[in-house]
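To start, the structure under review is shown below, and the notes come after it.
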Amino acid sequence: MNKFRILFLILLLTAGVLVSTPAKAAERFPAPEFETQYQIPSPEHPQPRRDFFEYLDIGVLLIGLSLAAFFALKKRSRLGLYLLTLSSILYFGFFRKGCICPIGSIQNVTLSFSGDYLIPLGVILFFALPLVFALFFGRVFCASICPLGALQEVVIFKPLKLPQPLKHVLSLIPYLYLGLAVLFTVTGSGFIICRFDPFVGFFRLTATSGMLLLGLAFLLIGIFIARPYCRFFCPYGVLLGVFSYFSKKHLTITPRECTQCKLCENACPIDAINPPSPKLYKTTKQEQIKKLGIFIACIPLILITLGFGFSQLSDVFSRQDRTVSLAERIHQEETNTIQSSTLDSDAFRQEQTRVTELYSQAARTRRQFKTGLWLLGIFIGLVISIKIIVLMQRPQREDYEPDRFHCLSCGRCMEYCPTQSDESMKNA
Amino acid sequence: MKNKTNKLTRREFIKDLLHKLLLLLLGSFVFTRLFKSAQAGYVWQIDPKKCVKCGRCATACVINPSAVKCVHEFETCGYCNLCFGYFQPGAAHLTADAENQLCPTGALQRRFVEEPFFEYTVNEALCIGCGKCVQGCNLFGNGSLFLQVRHDLCKNCNECSIARVCPGNAFVRIPARKAYLKNE
């Protein structure tokens, strides 16, 4: 026994030396030769979820989207959509447990444009199928397939109408989120959409406390402000909105002609119904065109201001990147501004990469952030400009119509519409 | 501004054009990606050669306890009596008493095989993936213990939250067909 203790001490003394070099333990102790019938066991390796399930997921998604389109456009059944919502929580939520969802797939798709990243077939289809359906039938994916939306759908108890200006400002966040997600993916700084996914923790029945709090906050707010994540954060919603705006067909509020009873406008929890346009405008068309001209002339100024403004934030954002923060830490340690070292800086020294290499990599990431944020600023400027131009337009709407961009096709308006379809008239 | 021939307003015409454009964009995206796609899904794995045994696997995983467990490659094990993965440095006695054990949860279990050999097995239900035993085994032993992601537990997050904080950048995504990176 004592012999071992001495050996142990010697080994502890040499430990310091060993720690600093990556220990590739080359059989310090020989393999034993057993005299008994002992069989050396081999470790078990439990297998991952079968490929079969990936195909099953795609199949269920396709069937779900078709059913949602059927309930929203053909059958006009709010109940059908609601039941589909509940089954989506069960299948895509609790059974499939979230990953990879179409929202997060934006990042994988971004990566697939660069170099050697192989994007799995399932991810391609999870990204593209909801968009295809949006292009033909509107946002039926949001209506009852998206598990994140579904979870918020069932807590809408007392939806309040938000003031219009606030709504317009808040609806800029998804564009910002989308842009930042793409930027973080391109710079290799991580998948922020997944990092701040509020609901995946519920589906997995386990989460970090931050995730749980975020999810609870969204659900609590969701009681009063219907579907807050979908409307004011979801970056995939931006894409779906654009595709849905140009869709061939879309859910209609009324099956026949509108009686302008306003019931649908009150029923819509997300304020996505456009009222009929006023018959008379205060200004003449000439004045309106002049205003539009002046505004369009101002757009370059808006773009440059926002681009410059955003690029000033590049230090804050680039510090979120691990290479950049590690390079900063190493720099502080090398120049003795900080005496201690962190796990990360220790690990970096173990790797024996040259410091200059790290620095140049960090500088490259910083530059990427600078350019990226310039582009993001210009993008946001464009979005704001287009929004203002759209607001300046004078639509010729005679009836209450769903706002194709923002309507989530939940079907409440159909339920509230007092006008009956031809079919039900016949049946009656 | 009505186009009398096909009764389309200008707005409708532009909308229709953009509808087709978006369809074309989406179609070409799917079509080009199909040639670049990986057939089966990808799963997260730890490259044991890069792992620095920092202990973050135990705390950073989205599930608790972590999906990372210690795995024992018996073939490289020396079956030592004084196992540096099993015993606390300076353990008073080489017995299975809790104060002598390195593992905080008693997940590494030892069984006498024959003089002087002992077999060590990991009870994965107890293991939290802290890597204390792995560090001991790699520093002073054969390095037969290593940390690995277990696929029956791993949720296969799109962004692995351990990979995000792994100081050795040891987390890699590999095809599900070849699901396990082994310790050599």
**Report entry** Of all residues in the stretch B:46-61 being outside any loop (DSSP other than H, G, I, E, B) and more than 10 Å from chain A (Cβ to nearest Cβ), the one that is surrounded by the fewest Cβ atoms within 10 Å (Cβ to Cβ)
**Finding:** B:Ala58
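With the requirement that a residue be within 27 Å of the chain's Cα centre (by Cα), more than 14 Å from chain B (Cβ to nearest Cβ) and farther than 22 Å from A:Leu81 by Cβ, what does the stretch A:233-283 give you?
At the first step, the residues of the stretch A:233-283 found to be within 27 Å of the chain's Cα centre (by Cα) are A:233-251, A:268-274.
Imposing the further condition that a residue be more than 14 Å from chain B (Cβ to nearest Cβ) reduces the set to A:233-234, A:237, A:251, A:268-274.
Within the stretch A:233-283, A:Phe233 is the sole residue that qualifies.
For the subset of the stretch B:77-101 comprising residues that are touching a residue at least 60 places away in the same chain (Cβ under 8 Å) and more than 7 Å from chain A (Cβ to nearest Cβ), which member is farthest from the chain's Cα centre (by Cα)?
B:Cys77
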Report summary line: Among (1) within 12 Å of chain B (Cβ to nearest Cβ); (2) part of a helix (DSSP H, G or I), A:Thr206 falls short only on (2)
Query raised in the report: Which one is farthest from the other protein chains (Cβ to nearest Cβ) among residues in the stretch B:120-134 that are without any contact (Cβ under 8 Å) to a residue 60 or more places away in the chain and either surrounded by fewer than 19 Cβ atoms within 10 Å (Cβ to Cβ) or β-branched (Val, Ile, Thr) (or both)?
Result: B:Leu126
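Okay, residues lined up against (1) over 22 Å from A:Ile273 (Cβ atoms); (2) of a type outside the set (D, E, K, R); (3) in contact with a Cys (Cβ under 6 Å, 6 or more places away or on another chain); (4) not in a helix (DSSP H, G or I):
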site: A:Leu213; (1), (2), (3), (4): yes, yes, no, no
site: A:Arg231; (1), (2), (3), (4): no, no, no, no
site: A:Lys249; (1), (2), (3), (4): no, no, no, yes
site: A:Ile253; (1), (2), (3), (4): no, yes, yes, yes
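Yes or no: the stretch A:186-194 includes at least one residue that is closer than 27 Å to A:Phe379 by Cβ, within 10 Å of another protein chain (Cβ to nearest Cβ) and of a type in the set (Phe, Trp, Tyr).
Just the residues of the stretch A:186-194 that are closer than 27 Å to A:Phe379 by Cβ, to begin with: A:186-194.
Those still in the list that are within 10 Å of another protein chain (Cβ to nearest Cβ) too: A:189-194.
Retained after the next criterion (residues that are of a type in the set (Phe, Trp, Tyr)): A:191.
Taking every residue of the stretch A:186-194 in turn, at least one turns out to be closer than 27 Å to A:Phe379 by Cβ, within 10 Å of another protein chain (Cβ to nearest Cβ) and of a type in the set (Phe, Trp, Tyr).
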Report task. With respect to B:Asn156, determine if the residue is crowded, with 18+ Cβ neighbours inside 10 Å and outside the structural domain of B:Cys57 (by TED's automatic domain parsing). Result -> no
Report summary line: Scanning the stretch A:119-135 residue by residue, the ones that are in a helix (DSSP H, G or I) and facing chain B (nearest Cβ under 9 Å) total 10
Report summary line: B:Pro104 fails exactly one of (1) away from chain A (no Cβ under 11 Å); (2) not in a loop (DSSP other than H, G, I, E, B), namely (2)
Requested in this report: Would you mind listing the helices (runs of 4 or more DSSP H) fully within the stretch A:26-118 where at least 2 residues are within 12 Å of chain B (Cβ to nearest Cβ) and within 24 Å of A:Cys146 (Cβ to Cβ)?
Outcome: A:51-69, A:102-112
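The values are calculated or read from the model by the stated rules, or taken from the named source; none is laboratory data. Please read these numbers as outputs of a predicted model, since none were measured by experiment. When we count neighbours, we look across all protein chains shown, and the Cβ atoms used for this are built from the backbone with ideal geometry, even at glycine.
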